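The structure under discussion appears below in the form of structure tokens.
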Amino acid sequence: MILRSLRSRWICASILWTAGLLLIMHMLSILLIRALPSLRGVHSVGAVFAGLLMMIAGFIFARRGLAAFSPLRQRLAAVRKREASLVEGLYPTEVQPLVDELNALLAEREKAVERAQRTAADLAHELKTPLALLMQEAERLTAGNPQLSDNITRQVERMTQHVNYHLARARAAASGSRGAGPSPLAERAAALLRTMSKLHAEKGLTLVQSIPPSLLVRVQQEDLDEMLGNLLDNACKWACGRVSLSAERVASTVEIVIEDDGPGIAPDLRARVLGRGVRADQSKPGSGLGLAIVRDLAELYGGAIHLSDSPLGGLKVRLLTPGA
Amino acid sequence: MRVLIVEDEASLARQLWASFSEAGYAVDTAPGGQQADLLVHSETYDAILLDLGLPGVDGLTLLRRWRRSGIATPVLILTARGSWHEKVEGIDGGADDYVAKPFRVEEVLARIRALIRRTAGIVQSELRCGALSLDTSAARVTLDGAVVKLTSHEYRVLAYLMHHRRRVVSRTELTEHIYAQDFDRDSNTVEVFIARLRRKLGAEFIQTVRGLGYRIAGEDI
């Protein structure tokens, strides 16, 4: 029978060892008594006590030897949960080489993921210039053949949406393999609101932010920007005059709430707009995959997104992300 | 109105040049960072379209340098980099607007128009002066509701004066904003365009302020 647990192997070995030792000791004491009959009947409490102490010490050593595995397990779990990028700490001589190999493997994998992500980004960027040219050519066709022009434009837009969607996913997957450093939420939100106020300057919106400055989220900064950017851009596109952004910590998660005073989304459409490629209204330009990207990114980090009605009159988006 | 297009992809630059010229702008193009830097320091533009992935100097580095040296010309970034993180970087680097490739020229034209208007402190897209009205989105001028046919240079002179109607515009300033860099300026002077505009619109709309330049008469915009 093969013993799978290290602990049982250890115990089994110690029992066999002790039994062998006892057998030899028994033989030796028989010989000793035969040689020196005067020793018969002598008892030593001290010897029994010393023997007990030695057994306890042995037991403690054995336990401590195995105890190294418990922190190793915790640190591995931290790597998996993206709280650390490498397995840290010093381990017994037999375990340390394994840990070193594991760390080398993790570093190599991270490099490979980074390379793949860079390739994806390069591909996406290189695709966009020809797509831009194609779009321009299509626009020039408008006068001669408006239907063809419209068809080409729509297909180019679809291709762009897919490129953007998969690029965001590739980046998120790559940052998922590294440790997701804590990002300062209030600072990123302020940067994005600055951007929104420029991009939607024509609408003259009032953008309100109320986020405690100390709030941190365990999300890579690029991914946090992508989620907040898509949600705020949507809100600004639809709002009549007001967009509000707030956040608070609820237990281990951070709840980010984005609201606008636009027309909102009908309840039966809400589940659908979170799916890929669905746009609630085709009349506004923009990627139909915007909300889908946010949902995917949120889920990648173990978060979620919920849509409901806002007291402002429009849509209320609740984005749940892990706090740090 | 005069714009600079900084774009390294030649065919895209050509198409943008054609679309902007058609819309009534004087257009210069620069295929790389160095050329753009030279032009921005030697010429005067009303708006700049800036690609980020340029050979030589990166567009964002260029923009930050311009802003540090006090060049406040409105800049619209036109780039393949479309993530929100990159948009934030662009805006914080000093850009006034950001459009990701691929784009509709119509949208870029509308955004540049709005940018120029906002810089001049004007809210609506149609500029009025009594019976005279200039629709920037259609590049069309009407007098008492009837369309007035103008050449592209005449249109640029009138558009520039109407965008800056609260002040007197000097002849040099007008010259800087209506010609593309490679245009032969001597044969078509500002005076000639002003005279032709007065003939077409009536003498009362454009006043000459002796020794200083020109201004549009009247109060309402």
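General observations
- Any hit, the range B:106-119, residues being assigned to a loop (DSSP other than H, G, I, E, B) and either surrounded by fewer than 19 Cβ atoms within 10 Å (Cβ to Cβ) or within 13 Å of chain A (Cβ to nearest Cβ) (or both): no
- Selection within the range A:86-109 - in contact with a Leu (Cβ under 7 Å, 6 or more places away or on another chain), assigned to a loop (DSSP other than H, G, I, E, B) and under 21 Å from A:Gly181 (Cα atoms): A:Leu86, A:Val87
- Residue within the range A:205-226 that is among the hydrophobic types (A, V, I, L, M, F, W, C), under 34 Å from the mean Cα position of the chain (by Cα) and within 11 Å of another protein chain (Cβ to nearest Cβ) present: yes
- There is no residue in the range A:71-91 that is surrounded by 14 or more Cβ atoms within 10 Å (Cβ to Cβ) and within 14 Å of chain B (Cβ to nearest Cβ).
- Scanning the range B:73-98 for residues that are part of a strand (DSSP E or B) and more than 9 Å from every other protein chain (Cβ to nearest Cβ) yields B:Val75, B:Leu76, B:Ile77.
- Summed over the range A:116-148, the residues that are away from chain B (no Cβ under 11 Å) and buried (at least 18 other Cβ atoms within 10 Å of the Cβ) give a count of 2.
- Test result for B:Gly70, more than 14 Å from every other protein chain (Cβ to nearest Cβ), part of a loop (DSSP other than H, G, I, E, B), touching a residue at least 24 places away in the same chain (Cβ under 8 Å) and surrounded by fewer than 21 Cβ atoms within 10 Å (Cβ to Cβ): no
- Listed by first and then second residue, the pairs with beta-carbon distance under 6 Å, at least 6 apart or on different chains, first residue in the range A:53-65 and within 13 Å of A:Ser14 (Cα to Cα), second of a type outside the set (Ser, Thr, Tyr) and in a helix (DSSP H, G or I), are A:Ala62/A:Trp10.
- Sub-6 Å Cβ pairs linking a first residue in the range A:184-198 that is facing chain B (nearest Cβ under 10 Å) and among the basic types (Lys, Arg) to a second residue that is surrounded by fewer than 24 Cβ atoms within 10 Å (Cβ to Cβ) and in a helix (DSSP H, G or I), at least 6 apart or interchain, are A:Lys198/B:Ile91, ordered by first then second residue.
- Any chance B:Val123 is free of Cβ contacts under 8 Å to residues at least 60 places away in the same chain, surrounded by fewer than 21 Cβ atoms within 10 Å (Cβ to Cβ) and either touching a Leu at 6+ places or on another chain (Cβ under 6 Å) or among the β-branched types (Val, Ile, Thr) (or both): yes
Where a number appears in this text, it was derived from the coordinates with a stated rule and is not lab data. Keep in mind that what you see is a predicted model, and the values were worked out from it rather than measured. Here Cβ is always computed from backbone atoms with ideal geometry, including for glycine, and neighbour counts include all displayed protein chains.
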